[in-house]
1. Please work out which residue is nearest to M91 (Cα to Cα), limiting yourself to segment 21-58 and to residues that are surrounded by 17 or more Cβ atoms within 10 Å (Cβ to Cβ) and either acidic (D, E) or over 13 Å from the mean Cα position of the chain (by Cα) (or both).
2. Scan segment 4-17 and tell me whether some residue there is within 14 Å of I79 (Cα to Cα), surrounded by fewer than 19 Cβ atoms within 10 Å (Cβ to Cβ) and modelled with pLDDT of 95 or more.
3. If you take the residues of segment 102-121 that are within 24 Å of R76 (Cβ to Cβ) and hydrophobic (A, V, I, L, M, F, W, C), which of them is surrounded by the most Cβ atoms within 10 Å (Cβ to Cβ)?
4. Just give me the residues in segment 1-48 being farther than 16 Å from L82 by Cα, assigned to a helix (DSSP H, G or I) and among the hydroxyl-bearing types (S, T, Y), in sequence order.
5. Output the residues belonging to segment 79-98 that are under 17 Å from A48 (Cα atoms) and in contact with a Lys or Arg (Cβ under 7 Å, 6 or more places away or on another chain).
6. Anything in segment 85-107 that is out of contact with any Pro (no Cβ under 8 Å at 6 or more places or on another chain) and either within 14 Å of T39 (Cα to Cα) or assigned to a loop (DSSP other than H, G, I, E, B) (or both)? List them, or say none.
7. Out of L82, L64, L77, L68, I need the residue that is part of a loop (DSSP other than H, G, I, E, B), in contact with a Leu (Cβ under 9 Å, 6 or more places away or on another chain), within 19 Å of T39 (Cα to Cα) and modelled with pLDDT of 90 or more. Which one?
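The values are calculated or read from the model by the stated rules, or taken from the named source; none is laboratory data. Only a predicted model underlies this, so the values are computations on that prediction, with no experimental measurement involved. Counting neighbours? That spans all protein chains shown, and the Cβs are built from the backbone with ideal geometry, glycine included.
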Amino acid sequence: MGETILVVDDDLEMQRTLKDALEAAGYRVSLCDNGNRVTECITECKPALLLLDVMLPGTDGYTLAMRLSEDEATRRLPIIVLSGLEPSRGMFSGFPQVAGFLSKPFEYKELLDLVGKAIAR
């Protein structure tokens, strides 16, 4: 199996779908459903990439991206933002570690292309 990807999304169906698609592509997948647990999950699974939903219970995706970019231990962790809120795309443009933004629903080929590029950089 390949690199580990941490999926942060509170929608269980989305978690399951992403996990299946990513594992089929050869990645290991860890799941987190609450923004307050992200730091703990990153410490536990040491991901090569974070797939981050914007709307989360606890801490929202924007606040998480800001915190991760300010922390020396996580500032180089690439993030792909997943959101049903297309207008939120602009909010994440200031974070150099954000490697992509996908509006839900999205094509899985597009997701896998972004994941491959983000991990390779």
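1. D53
2. Within segment 4-17, the subset within 14 Å of I79 (Cα to Cα) is 4-9.
Applying the additional criterion that residues be surrounded by fewer than 19 Cβ atoms within 10 Å (Cβ to Cβ) yields 4.
With modelled with pLDDT of 95 or more added as a condition, the list becomes 4.
So far as segment 4-17 goes, yes, one or more of its residues are within 14 Å of I79 (Cα to Cα), surrounded by fewer than 19 Cβ atoms within 10 Å (Cβ to Cβ) and modelled with pLDDT of 95 or more.
3. Let us first name the residues in segment 102-121 that are within 24 Å of R76 (Cβ to Cβ), namely 102, 110-121.
Add one more test, that the residue is hydrophobic (A, V, I, L, M, F, W, C), and what stays is 102, 111-112, 114-115, 118-120.
Values: L102: 17, L111: 19, L112: 16, L114: 19, V115: 26, A118: 21, I119: 17, A120: 10.
Selected residue: V115.
4. The answer is T39, T43.
5. L82, Q97
6. L85, S93, G94, F95, P96, K104, P105, F106, E107
7. Working: L82 fails: part of a loop (DSSP other than H, G, I, E, B); L64 fails: part of a loop (DSSP other than H, G, I, E, B); L68 fails: part of a loop (DSSP other than H, G, I, E, B).
Among L82, L64, L77, L68, only L77 is part of a loop (DSSP other than H, G, I, E, B), in contact with a Leu (Cβ under 9 Å, 6 or more places away or on another chain), within 19 Å of T39 (Cα to Cα) and modelled with pLDDT of 90 or more.
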